[in-house]
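K.L.:
Submitted below is the structure of interest, expressed as structure tokens.
The values are calculated or read from the model by the stated rules, or taken from the named source; none is laboratory data. Please read all numbers here as calculations on a predicted model, not as lab measurements. Every residue, glycine among them, receives a Cβ derived from its backbone with ideal geometry; neighbour counts consider all protein chains shown. Ligands, DNA and RNA are stripped out before the accessible areas are found, and what is left, the full protein with its side chains, is counted by its heavy atoms. Shrake-Rupley method; radii C 1.70, N 1.55, O 1.52, S 1.80 Å.
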Amino acid sequence: MPELKVKGVTIVETFAEAFPMVGTRVIITAPTAEWAKISARTMTGFATSVIACGAEGGIERTLPKSETPDGRPGVSVLLFTMDANMLQTQLRNRVGQCVLTSPGSACYAGLEGEKKLKLGASLRFFGDGWQMSKVIGGRRYWRIPVMGGEFVCEDKTGMTTKAVGGGNLLVVGKSHSAVLAACTRAVKAMADVPDVITPFPGGIVRSGSKVGSKYAGQIASTNHAYAPGLKWHADSELPPNAEAVLEIVIDGLTADAIHEAMHEGLHAIAKGGSREGITHITAGNYGGNLGPHHFHLKEIVG
Amino acid sequence: MSALCFELKGRPEQRLDLSSLVPARLDGLNRKQIEALSIATTREALSVGDAFKVTGKDVQNLHFIDTDDRCDKIGAKLTGGEIVVEGDAGMLLGAQMKRGKIAVQGSAGVSVGATMTGGEISVRRDVGDQAGGVAFGETFGMKGGFISIGGVAGALVGERLRRGLIVVGGKAGEYAGGRMVAGTIVLRGGAGRYAGYGNRRGSLIFTDKPRHLLPTYVDSGVMEFDYLRLLETWLRGQGMRIRLGGRARRLMGDMAVLGKGEMLILD
């Protein structure tokens, strides 16, 4: 079978293996777009991987005044975990510590969802009895008096159990700068896809991991098969001219959203062609036995 | 399918109880059966066919045409569908309704939306006393939903209001929000004396400085309220352009009772 190439970049015939997650969306508004972003970035800053952050999260998109419940600038944030209890805990802690505390912020539900998570329903207790409940159009909101005025927070937000985490693309290139530029372009392209986030710093992971380690108690360790400094090893998956590999991890509310994001990302990476120094686009998997969602690159290309 | 229309033949000699003319009761009935329904409130027997000319078929879309202030309980206990009143309505319009929409093009009598729990009532002109108030045998007033009044409201608008939103376009009478427990009343044309009397946790929003203020309300000064922005945005989604802005003076009260209610007077 001929090798699949896009603009000279080899698309390795493999698949990204992804896992079921639970996810939610909240909308954060603020007096300015910048303050809405600050609030959202604080909430999702330490949310790159469930391995040690408890949750994976990120900004899905910025929202103009016309799309927010209170007519102020806003952002929508997605948050994912492996189970509903953890999502509830993470949501309460992150909104409580990062959004409630952020000047001028308000927080609203961003998802209807088949099940509900408490939002203001937990945070209202910060009001120490001075909180007020308001029902507008069948939705309950809490007004919590704070030093900056009032924190308005919707009572509940929706949760989906159909979320998917761990969609990914691995980008192999002849220089670190070429791979970084291509990945940056891809993250930007994926930002336009609804229902997905790329939770790592700037959307990019430089330290992809494998499950387990030679050290007892270390649950994840470096993906040595893709470390260019270990190309000599028999496990290496890299061609001799590879100098750097970066990964983009994608979490989404649905598998279809991840498929679309991977499609956009793959073509953005390959946009400059092999002339820019990108040699391969591949994906990470565990042999297909662990995760039920398989995103085959040959289908993603199409 | 055309709306099911009830056209009043002339001014009735007695008050009419139209609570049976709601989609849930009319569903599955043919025109003859509908015309045979009793609507009398005195010993004089009266059926729908005696008072109304009935046309159309769609029971989810009811029109009352040329009705007057003797047509009581239109849409009472409504559980869905839409009702348009091309005329006036009597008392207890939409009382205890749960869902659905009622739009009145004229005025309505006392106790509009009394103890309603959901749905929407809009009255283009004036309403009588106790709009959103307490239905017979109940302990609370309106418990949810939305009432919009284009004109003047009588006394005790939102009496014992428990939840939900009332917007009054014109002036409200005395005791607006009297003994309200929670919920919100937006007063665009001011109110008579004793507004917010006995208010526990409810919100009275005045778009202009009220002429009379109870002495049992305590000034908290002016500040920003995202809640007002949220409400303004929601109202705009309902087709109501009311400028609430974000700044208001907050008075807490009624301190004669719980004291966790408020008056927000737009700045």
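K.L.:
How about region B:1-115: which strands (runs of 3 or more DSSP E) wholly inside it have at least 1 residues that are at pLDDT 95 or above, farther than 30 Å from residue B:180 by Cα and not acidic (Asp, Glu)?
P.N.:
By residue number, B:3-8, B:52-55, B:58-65.
K.L.:
Are there strands (runs of 3 or more DSSP E) fully within region A:62-127 with at least 2 residues that are over 27 Å from residue B:247 (Cβ atoms) and more than 14 Å from every other protein chain (Cβ to nearest Cβ)? List them.
P.N.:
Because the criterion is at least 2 residues that are over 27 Å from residue B:247 (Cβ atoms) and more than 14 Å from every other protein chain (Cβ to nearest Cβ), the strands (runs of 3 or more DSSP E) in region A:62-127 that meet it are A:74-81, A:115-118.
K.L.:
Could you tell me which of the residues A:3, A:17 is over 18 Å from residue A:98 (Cβ atoms) and buried (at least 20 other Cβ atoms within 10 Å of the Cβ)?
P.N.:
Of A:3, A:17, the one residue that is over 18 Å from residue A:98 (Cβ atoms) and buried (at least 20 other Cβ atoms within 10 Å of the Cβ) is A:17.
K.L.:
List the strands (runs of 3 or more DSSP E) inside region B:192-267, counting only whole elements, that have at least 2 residues being open to solvent by 20 Å² or more (accessible area, probe 1.4 Å).
P.N.:
B:218-224, B:247-253
K.L.:
Then there's this: Which residues, taken from region B:160-190, are open to solvent by less than 10 Å² (accessible area, probe 1.4 Å) and farther than 21 Å from residue B:139 by Cβ?
P.N.:
Those that are open to solvent by less than 10 Å² (accessible area, probe 1.4 Å) and farther than 21 Å from residue B:139 by Cβ: B:167, B:168, B:172, B:186, B:187.
K.L.:
For residue A:197, all conditions in the list (1) within 14 Å of chain B (Cβ to nearest Cβ); (2) buried (at least 19 other Cβ atoms within 10 Å of the Cβ) hold save one; what is the number of the exception?
P.N.:
Unmet for residue A:197, out of (1) within 14 Å of chain B (Cβ to nearest Cβ); (2) buried (at least 19 other Cβ atoms within 10 Å of the Cβ): (1).
K.L.:
I've got another one for you. Among the residues of region A:261-302, count how many are within 21 Å of residue A:236 (Cα to Cα) and open to solvent by less than 50 Å² (accessible area, probe 1.4 Å).
P.N.:
10
K.L.:
Hey, another quick one. Only one of A:167, A:137, A:149, A:96 is of a type outside the set (Lys, Arg) and free of Cβ contacts under 8 Å to residues at least 12 places away in the same chain; which?
P.N.:
A:137
K.L.:
For region B:235-245, what are the residues that are over 20 Å from residue B:210 (Cβ atoms) and more than 18 Å from the chain's Cα centre (by Cα)? Give the derivation first.
P.N.:
Filtering region B:235-245 for residues over 20 Å from residue B:210 (Cβ atoms) gives B:235-241.
Correct list: B:236, B:237, B:241.
K.L.:
Looking only at region B:1-40, filter to residues that are surrounded by 15 or more Cβ atoms within 10 Å (Cβ to Cβ), more than 22 Å from the chain's Cα centre (by Cα) and small (Gly, Ala, Ser); which one of those is farthest from residue B:52 (Cα to Cα)?
P.N.:
In this case the residue turns out to be B:3.
K.L.:
For region B:247-260, name all the residues that are within 22 Å of residue B:168 (Cβ to Cβ) and either within 9 Å of chain A (Cβ to nearest Cβ) or among the basic types (Lys, Arg) (or both).
P.N.:
B:247, B:249, B:250
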